[in-house]
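The next block holds one structure in the form of C-alpha cells; read it before the comments.
Here, each number is a calculation from the coordinates, and none is a lab measurement. Everything quoted here is computed from the prediction, not taken from an experiment. Quick reminder, even Gly has a Cβ in these numbers, built from the backbone with ideal geometry, and neighbours come from all protein chains shown.
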Amino acid sequence: MNKLEKALKIFGEEYIAEIGNILQSNDKVATGKLLKSLDAKVFKTGFNTSYTLKVLANDYLKYVDEGRRPGSKAPPIAPIKEWAKTKGLDEGLAFPIAKSIGEKGIAPTHVIQKALDNVLRSIHYRRLEDGVSDWVDDLIEEKFKGLSRNKNITFK
C-alpha cells in the first residue's frame, strides 16, 4: 500500500468514526444499524496513481443528514415500528409517528458535512499517522477542501 492509499484509508476511517460520534451526540442511534453500516473503502481508479475514497452507509443516512421537509410524504411504517420497539414504545404508535413526520418534517443534522469539516480541521493540528509525509496531508486537505454535502458519498 503506497502512502497516498494509506492516507486515504486513514482519512476514511477517521471520517466514518466522526460521523458515528456526531450521530451519537445528536441521539440519532436507536438500533445501531446505521452505525454498523458505515464503512470507507479506497479503490484504485487509475494506473497506480489515482484513488477514490467511497464512504458507504445505509440509505437512510440521507434522511438523518438532510431531514424531511414538512408536508412531505410520510415515511414507511416498518422502520418506525422497529425504532419504536427499540425505544421501548408501543409499535402501534408507528402510524401516528409516520403521519407526524410527514406533516411536521424532521430537522436536518448535516452530519455528513459536519464530520468532514471536523476531520479536515483536525488535519491542520496534527499529521495523519505513522510517518505519512506532509505533502500527502496537504494533498488530502486540498482534495477534500470545498466538497459540498453528499458529494462522493455512496449509499448501499
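Some points to look at:
- Near Ile101: Cβ cut-off under 11 Å, other residues only, Lys/Arg at +1 and Asp/Glu at -1. The net charge is +4.
- Proxy reagent accessibility, fewest Cβ within 10 Å first, across Phe47, Phe11: Phe47, Phe11
- Net charge in the neighbourhood of Gly71 (other residues with Cβ under 10 Å of its Cβ; Lys, Arg +1, Asp, Glu -1) is +3.
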